[in-house]
Amino acid sequence: MIKKILLSFVIIILFKNNIFSHDYNFNKESYKNFLFEINRCVLTNDPSVSEMIKKNSELLTICKQLLETYFWDKTCNSPVMFYELFYPEKIDMVHNYLTNENIESEYNLVENDILALLDNKDESGILEIEDSIESYNTNELGELMRFSYAPEEMSLSTFNDFKVITNKSDDKIIRKFYDNEIRLIKKEIFNSPIKSEELELLSIIKYFYESDLSPVIISTEEENKKINKKIVSKYLPNGKLDEQFYYKYELETDLDNKSDITQDSKVKTVLECIKKWTYNTDFRLLSFSEKKYFSTTEYTEIKYVYKYKTELDLDDIFYYENNKLKAKTIHNSLTTKVETVFFEDDFYVESVFEDGFKILEIIGKNGTEIRRRSFEKNY
């Protein structure tokens, strides 16, 4: 009964201020609309409404819950009266920001058009603040749309049936596209400029899956716009890397002959490098190789081969250049190992380590020792 009297009194005030253009009967829907109107008055600093809410704790609680559920802009971009009414513990912090000479308006404490631009919204300029207060925005359904804390910002949106998450930090912006199965389909990486006109796409990574519904990634394609390169990565079903192909973009015409380069010149991808990983049945790394191409037929290759010693739980390592052994590391125990480096004309240097310290060095040729030198452990 008291609540109805109070609400009737508030209605009279709202009518006096020409807030409503029609009558309200207090059924469930109209009562919710009525609370919406009250909250809108709070957000526009209507003193009569805020005073009435202050005098009734139940109405205060209802309005606060309603704001937190339905009003998307309830922290950074709300007026001082909102904080005084619903979050008095934050009012000192808000006043500190309002006195900052960089703030143009109490109704827009934080304004950043970069994320809005990436969300396909109109840009409206950027206002920088050194230490942003925490804020988050929701849509009319109460779903989170944007969150920020200090220099970190995140926004949620949809685009062409994709769910999009955009994260912004001081040095870069990352925008991720997810399908209906919540699988990452594409990732875009931008710089993080002060002005939106300086926004630059640095790279795009596309993800490909085993089947339409499978969560298993089989390959990715990355286009690095900054250095004009393309990287294709292939994965095993357990997620480990299988192969990587590195390409660079070149014009099909002779780059040395400038007259041959025209507007119609086509860009082609040229293979630069191939990386390959192999594993045993337990998916322990057996080898890694890298081929760097100078032409379609000429390349150099490096390769690491790992031989696992079960009793030591360590790998002996063999390093090859163009199929020629150049170095090896052999573990004799958990605390001792021998490293050998091979040079031209069959020279080699063998180093013995114990407890992490080099204790012996042997120089030889064709398996014959030429000179040796001992070292003391320096603990």
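The values are calculated or read from the model by the stated rules, or taken from the named source; none is laboratory data. As the structure is a prediction and not an experimental result, all values here were calculated from the model. Backbone-built Cβ (ideal geometry, glycine too); neighbour counts: all protein chains shown. With ligands, DNA and RNA removed, areas are computed over all heavy atoms of the protein, side chains included. Shrake-Rupley method; radii C 1.70, N 1.55, O 1.52, S 1.80 Å.
Using a Förster radius of 35 Å, what is the FRET efficiency between Asn160 and Ile317 based on their Cβ-Cβ separation? Nearest 0.05, please.
About 0.15, to the nearest 0.05.
Quote to one decimal, in nm, the extra length available between Thr300 and Glu181 on full extension: 0.36 nm per residue of separation minus the C-alpha distance between them.
38.6 nm
With a Förster radius of 51 Å, plug the Cβ-Cβ distance of Lys240 and Ile370 into 1/(1 + (r/R0)^6) and report the FRET value to the nearest 0.05.
Computed FRET efficiency for Lys240 and Ile370: 0.75.
Rank these by accessible area, largest first, 1.4 Å probe: Glu152, Glu321.
Greatest to least solvent exposure: Glu152, Glu321.
Among the listed pairs Lys275/Lys326; Lys195/Lys275; Lys163/Lys266; Lys266/Lys291; Lys168/Lys225; Lys225/Lys326, which are separated by more than 31 Å between their Cα atoms?
Among Lys275/Lys326; Lys195/Lys275; Lys163/Lys266; Lys266/Lys291; Lys168/Lys225; Lys225/Lys326, the Cα-Cα distance tops 31 Å for Lys195/Lys275; Lys163/Lys266; Lys225/Lys326.
May I ask you to rank Glu376, Glu200 by accessible area, largest first, using a 1.4 Å probe over the protein chains only?
Output order, biggest surface exposure first: Glu376, Glu200.
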